[in-house]
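Bear in mind these aren't lab numbers, they're just calculated from the coordinates by the rules spelled out. Here the structure is a predicted model, which means the values were calculated and not measured. Neighbour counts run over all protein chains shown; Cβ positions are idealised from the backbone, glycine included.
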Amino acid sequence: MVRYSDDFRRDVIAARRQGHETTAQVARQYGIAPGTLKSWMDKFYAENPQELEADNQTLREEHARLLAEQEELKKQFKWSSR
């Protein structure tokens, strides 16, 4: 069994939280199994529930922004196709 340093784990968790890539993509970039990263994320969020809420809030805000952008694009397309 491979033992990863705490610094490495922190770097991988930070990369997963900051990016728009999936767990599998981040795991592949760092050469670890996706299940390993998932367990690290689960443990991180269990120990830092405020970070889970912060990440969820960020995702909700991004979702709202994307929905608004989608509506604006629909309006623009509607006007341009007349």
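Against the definition (of a type outside the set (Phe, Trp, Tyr) and not in a helix (DSSP H, G or I)), how does Val2 come out, yes or no? Taking the combined requirement at face value, the residue satisfies it.
Here are some residues: Tyr30, Tyr4. Which one is surrounded by 12 or more Cβ atoms within 10 Å (Cβ to Cβ), under 16 Å from the mean Cα position of the chain (by Cα) and among the aromatic types (Phe, Trp, Tyr)?
Values: Tyr4 fails: under 16 Å from the mean Cα position of the chain (by Cα).
Criteria check complete, one pass: Tyr30.
For region 13-20, the condition of being in contact with a Ser or Thr (Cβ under 7 Å, 6 or more places away or on another chain), surrounded by 14 or more Cβ atoms within 10 Å (Cβ to Cβ) and part of a helix (DSSP H, G or I) holds for at least one residue.
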